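The values are calculated or read from the model by the stated rules, or taken from the named source; none is laboratory data. These figures come from a predicted structure and were not determined experimentally. Heads up, the Cβs are rebuilt from the backbone with ideal geometry, glycines too, and the neighbour counts pull from every protein chain shown. Surface accessibility is based on the protein's heavy atoms, side chains included, excluding ligands, DNA and RNA. Shrake-Rupley method; radii C 1.70, N 1.55, O 1.52, S 1.80 Å.
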Amino acid sequence: MDWGTVREQLEGILSISVDTVRWPVSDWDHASEASGEPVSSVIKNGRVYWLVQKQESEALLFAVDEQVVSDVERRLVDLVLSTKKEPEPKPARMPTEEERKAGLVRDWLHQQQERGFTQAEMPDQLVSLLSLYSTKVPILLYGDYTTSRRVHYAELKKLLDSFFDAEITLIPLTEKEWLILGSEKILTMDGGDDRISDEETLEDKLAAMGYGLHEMLENEWVGEAHLAVHYPMTPAKSLYSVVLQLRETIMLGRTYHVGSSMHLPWELQLEKLVHLVPEAEKASFLERVLKRLDVAFDPETMTTLEQFFQLDCNVSETAKKLYIHRNTLLYRLDKFKQETGLDVRTFNNAVLVKIAMLLYKVTKRK
């Protein structure tokens, strides 16, 4: 706070001279205690003194002669200065023992990243701290909340414990990034129904758990949350490499599927491959494969093709999903063929268009 400017403003408003003085904090405390209650100003030796700020052992004060200000003006200055003062910092919150242990694992992960490692095995003492020998299901949570919003470890841990109703380990990686490690029991969560379909794959279970968690976070979280889920693994052996893979999964999902918040690595295989292509090659590919891109990839066509590919190029199912007549869908696909020369109902052309769509999304934003 620029207190010199504040002093000049007071002088202009009151049309008087305001002095800046400094006292030992002990002198101010003694003078203010004499009034019998907490005060912002005191009268001493014919002068009025206002407390501006305490700086370690020294108190910064404004002072004027007592006779030049009325009691009302004195109280108004009290009010003005109280609005200018920055709130006293809250005492630092002491981390719990569990949070302290999680912080040690976080620090180790950061060290490996700073060294440029792609794989690293955790030291036994760290593994023992959080009992990371058994198989865990890793989930990376990125809270896309504003910088003014601070989420505390205990707050998020309580929320996750109530959702999973199973033992989990929470590791804060950054201010917005959290690693969740759950036992394999979290894959059997189904709202109280213990019957699990024999046809349900591991990917199905991981996706169902992830979408359920994301839905809960949407309702309870402040701001948008992105999630990435990985296959069960043993943290003692592969925690660091899995964290890198989870981060890559969220990056790919946010890059190629804007608007999506749930990112599954087995659904981003093609995106991972495409992302490795040099930028010049991406642009060259688009120029060779598609002409009149802005016409070919208008919003309606993009939505139609995305649903078409998502439903394995099934015309009837795509029409139902888009709530349009089958003939309307066929018309859109024929129109796309006429404009580009590519028939997405054939395998080779469908692959080319799928890749072109991924590249187009990225290059258009740039």
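Taking region 30-85 on its own, how many of its residues are within 46 Å of the chain's Cα centre (by Cα), acidic (D, E), under 19 Å from L10 (Cβ atoms) and open to solvent by 70 Å² or more (accessible area, probe 1.4 Å)? Counting residues in region 30-85 that are within 46 Å of the chain's Cα centre (by Cα), acidic (D, E), under 19 Å from L10 (Cβ atoms) and open to solvent by 70 Å² or more (accessible area, probe 1.4 Å) gives 0.
Among the residues making up region 250-282, those that are within 13 Å of L140 (Cβ to Cβ) and open to solvent by 10 Å² or more (accessible area, probe 1.4 Å) are I250, M251, R254, S261, M262, P265. Cβ-Cβ distances below 6 Å connect the following pairs, each with a first residue in region 1-16 that is within 15 Å of L60 (Cα to Cα), a second residue that is surrounded by 13 or more Cβ atoms within 10 Å (Cβ to Cβ) and of a type in the set (V, I, T), and a separation of six or more residues or different chains: W3/V52; R7/V18.
So which residues in region 139-197 are modelled with pLDDT under 90, within 14 Å of the chain's Cα centre (by Cα) and not in a loop (DSSP other than H, G, I, E, B), if there are any at all? Across region 139-197, the qualifying residues are G143, D144. Here the condition is being out of contact with any strand residue (DSSP E or B) (no Cβ under 7 Å at 6 or more places or on another chain) and in the same structural domain as G212 (by the TED database); of S261, S238, S284, S316, it holds for S238 alone.
Residue under question is T363, and the condition is that it be at pLDDT below 90, of a type in the set (S, T, Y), open to solvent by 30 Å² or more (accessible area, probe 1.4 Å) and on the phi < 0 side of the Ramachandran plot; does it hold? Taking the combined requirement at face value, the residue satisfies it. Restricting attention to region 215-230 and to residues that are out of contact with any helix residue (DSSP H, G or I) (no Cβ under 7 Å at 6 or more places or on another chain) and open to solvent by 20 Å² or more (accessible area, probe 1.4 Å), the residue that is modelled with the highest pLDDT turns out to be E215. Would you please name the residue that is modelled with the highest pLDDT, looking only at residues in region 324-347 that are of a type in the set (D, E) and either touching a Phe, Trp or Tyr at 6+ places or on another chain (Cβ under 7 Å) or open to solvent by 40 Å² or more (accessible area, probe 1.4 Å) (or both)? Step by step, filter region 324-347, then rank; the result is D334. Meeting the requirement of 1 or more residues that are among the polar types (S, T, N, Q) and without any contact (Cβ under 8 Å) to a residue 12 or more places away in the chain, the helices (runs of 4 or more DSSP H) wholly within region 258-366 are 269-275, 279-289, 299-310, 315-322, 326-340, 347-365. Go through the residues of region 105-112 one by one and say whether even a single one is over 20 Å from Y153 (Cα atoms), in the same structural domain as H214 (by the TED database) and open to solvent by 50 Å² or more (accessible area, probe 1.4 Å). Among the residues of region 105-112, at least one is over 20 Å from Y153 (Cα atoms), in the same structural domain as H214 (by the TED database) and open to solvent by 50 Å² or more (accessible area, probe 1.4 Å), which makes the answer yes. The condition of being open to solvent by 30 Å² or more (accessible area, probe 1.4 Å) and under 25 Å from L286 (Cβ atoms) does not hold for F308. Reported count of residues in region 323-366, each being under 32 Å from the mean Cα position of the chain (by Cα) and over 19 Å from L268 (Cα atoms), is 3.
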